[in-house]
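Contents: one structure, followed by commentary.
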Amino acid sequence: SSGLPNLPENAIGGIEEALSFGFRPSAQKIMIVITDELSCQKGDGSLLSEYTEDEVKDDLSRAGVILIAVSPDFRYFDPGVPRQDMPKYSDMKVLAEKSGGITIDINSADFLDILGRIEGIISETYVISYKTSNTLPGTEHMGDILVRPCACKNTVNYTSLA
């Protein structure tokens, strides 16, 4: 509760911990960090993190993970860290931008609306193209399948576009 007094949290340590779990090679990998604080990083003087922002950016890229950072815009938000100390710490929005991820300003909308945006990002419509043999010998059929995740839990709707 309330994080560490007068110090940022350790979100990049949490990202590294989650990356250590591993992923299926073919999985779509998305990591969501929701925070209202900057993150400690190696070299900031706090000794709370073993990683720098650049190391985490490289690890996210190597793992093929898309980072979605829901965080304030620290240029306009004072998290309680003295302004002169802010450059020492890692900003999740900056990390997401550097790693090709997505940023959402935590103060931009009601939190349920923000969760709806995240749901939309994760459950976009996909079109999968396929080639299969037709019922006639020696013929092939090209087609597409439209995949729309349903709002229902663990349900996906498939529609053939062929």
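The values are calculated or read from the model by the stated rules, or taken from the named source; none is laboratory data. Just so it is clear, the model here is predicted, and its values are computed rather than measured. Glycine gets a Cβ as well: all are built from the backbone with ideal geometry, and neighbour counts include every protein chain shown. Remember, those area values only see protein heavy atoms, side chains included, never the ligands or the DNA or RNA. Shrake-Rupley method; radii C 1.70, N 1.55, O 1.52, S 1.80 Å.
Taken as a whole, the condition of being open to solvent by 80 Å² or more (accessible area, probe 1.4 Å) and either outside any strand (DSSP E or B) or of a type outside the set (D, E, K, R) (or both) applies to residue 42. Is it the case that residue 67 is in contact with a strand residue (DSSP E or B) (Cβ under 7 Å, 6 or more places away or on another chain), open to solvent by less than 30 Å² (accessible area, probe 1.4 Å) and modelled with pLDDT of 90 or more? Criteria met by residue 67. Among the residues of the stretch 33-61, those that are under 17 Å from the mean Cα position of the chain (by Cα), of a type outside the set (Asp, Glu) and over 13 Å from residue 99 (Cα atoms) comprise 33, 34, 35, 38, 39.
Conditions tested, residue by residue: (1) at pLDDT 70 or above; (2) closer than 29 Å to residue 61 by Cα; (3) not in a strand (DSSP E or B).
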position: 87; (1), (2), (3): yes, yes, yes
position: 95; (1), (2), (3): yes, yes, yes
position: 107; (1), (2), (3): yes, yes, yes
position: 120; (1), (2), (3): yes, yes, yes
position: 131; (1), (2), (3): no, no, no
position: 135; (1), (2), (3): no, no, yes
position: 142; (1), (2), (3): no, no, no
position: 157; (1), (2), (3): no, no, no
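The number of residues in the stretch 74-114 that are in contact (Cβ under 8 Å) with a residue 24 or more places away in the chain, over 22 Å from residue 42 (Cα atoms) and of a type in the set (D, E, K, R) comes to 1. Within the stretch 7-39, the set of residues being open to solvent by less than 30 Å² (accessible area, probe 1.4 Å), polar (S, T, N, Q) and not in a strand (DSSP E or B) comprises just one member, 35.
So which residues in the stretch 17-32 are within 13 Å of the chain's Cα centre (by Cα) and not polar (S, T, N, Q), if there are any at all? Answer for the stretch 17-32, where residues must be within 13 Å of the chain's Cα centre (by Cα) and not polar (S, T, N, Q): 18, 19, 29, 30, 31, 32.
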